[in-house]
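Engineer: Below is one structure. I have some questions about it.
The values are calculated or read from the model by the stated rules, or taken from the named source; none is laboratory data. The structure displayed is predicted, hence computed values, not measured ones. Virtual Cβ from ideal backbone geometry, glycine too; neighbours counted across all protein chains shown.
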Amino acid sequence: MSQTEGARLFRETWIAGVREHFPGEPKPGYVTPWEDTPEWEREAAGAVFEQVRQFLVLSGGHASRLTREQKSRFVATCWTAQMFRHFENPKPGYIADWPDLPDWQKETDSDIFEAIEKSLH
């Protein structure tokens with residue numbers, strides 16, 4: 001899978017997770033389709049996809065034994081690094097530490113890790 005395809009998988013999994021886990025009606029930006037996603041966000045999604053993919057490969061497949069929390073933490077940390085890459089002064093919500101994230105986002109980040117994991121098989 002190319003990094004562009006991986007970025008799209010990331011975004012589509014994010015949207016599906018938001019629709020499943022978000023309480024109430026999500027902000028429109030949370031569910032913006034791939035075609036309308038800003039370029040910086042596409043690049044960030046592709047980078048995080050690649051980081052998770054490499055993590056899984058370099059673990060020899062054993063990263064699949066991580067808990068959902070550990071998977072979520074990894075995705076969130078990779079995303080935070082991308083926010084610092086793309087923004088001089090990112091919004092606090094973009095760089096919140098994992099314990100401060102809402103539960104819906106933690107669950108969605110776990111879903112993203114697991115979708116990337118499935119894409120490797």
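Engineer: Among ARG85, ARG8, ARG42, ARG19, which is the only one that is over 15 Å from GLU117 (Cβ atoms), touching a Pro at 6+ places or on another chain (Cβ under 8 Å) and among the basic types (Lys, Arg)?
Structural biologist: ARG19
Engineer: Since THR67 meets every condition but one in (1) free of Cβ contacts under 8 Å to residues at least 60 places away in the same chain; (2) of a type in the set (Val, Ile, Thr); (3) within 22 Å of ARG8 (Cα to Cα), which condition does it not meet?
Structural biologist: THR67 satisfies every listed condition except (3).
Engineer: Can you say whether SER110 is within 23 Å of ARG19 (Cβ to Cβ), surrounded by fewer than 18 Cβ atoms within 10 Å (Cβ to Cβ) and of a type outside the set (D, E, K, R), as far as the supplied structure shows?
Structural biologist: no
Engineer: Within region 55-65, can you find the residues that are over 17 Å from ASP111 (Cα atoms) and in a helix (DSSP H, G or I)?
Structural biologist: VAL57, LEU58, HIS62 - these are the residues of region 55-65 that are over 17 Å from ASP111 (Cα atoms) and in a helix (DSSP H, G or I).
Engineer: Now a separate question. Counting only residues that are at pLDDT below 95 and in a helix (DSSP H, G or I), which one in region 66-97 is surrounded by the fewest Cβ atoms within 10 Å (Cβ to Cβ)?
Structural biologist: PRO92
Engineer: Shifting gears a bit: Looking only at region 66-92, which residues are under 21 Å from GLU107 (Cβ atoms) and aromatic (Phe, Trp, Tyr)?
Structural biologist: PHE74, TRP79
Engineer: Now a separate question. Looking only at region 22-31, decide whether some residue is charged (D, E, K, R) and part of a loop (DSSP other than H, G, I, E, B).
Structural biologist: Checking region 22-31: at least one residue is charged (D, E, K, R) and part of a loop (DSSP other than H, G, I, E, B).
Engineer: Right, next: Select from region 17-38 the residues that are in contact (Cβ under 8 Å) with a residue 24 or more places away in the chain and under 21 Å from GLN82 (Cα atoms) and list them in ascending order.
Structural biologist: If the condition is that a residue be in contact (Cβ under 8 Å) with a residue 24 or more places away in the chain and under 21 Å from GLN82 (Cα atoms), then GLY17, VAL18, TRP34, THR37 are the ones that fit.
Engineer: Using the structure shown, decide if ARG42 is farther than 17 Å from ASP109 by Cβ and either touching a residue at least 24 places away in the same chain (Cβ under 8 Å) or assigned to a loop (DSSP other than H, G, I, E, B) (or both).
Structural biologist: yes
Engineer: Filter region 1-16 for residues that are touching a residue at least 24 places away in the same chain (Cβ under 8 Å) and among the hydroxyl-bearing types (Ser, Thr, Tyr); which is surrounded by the most Cβ atoms within 10 Å (Cβ to Cβ)?
Structural biologist: Ranking the qualifying residues of region 1-16, first place goes to THR13.
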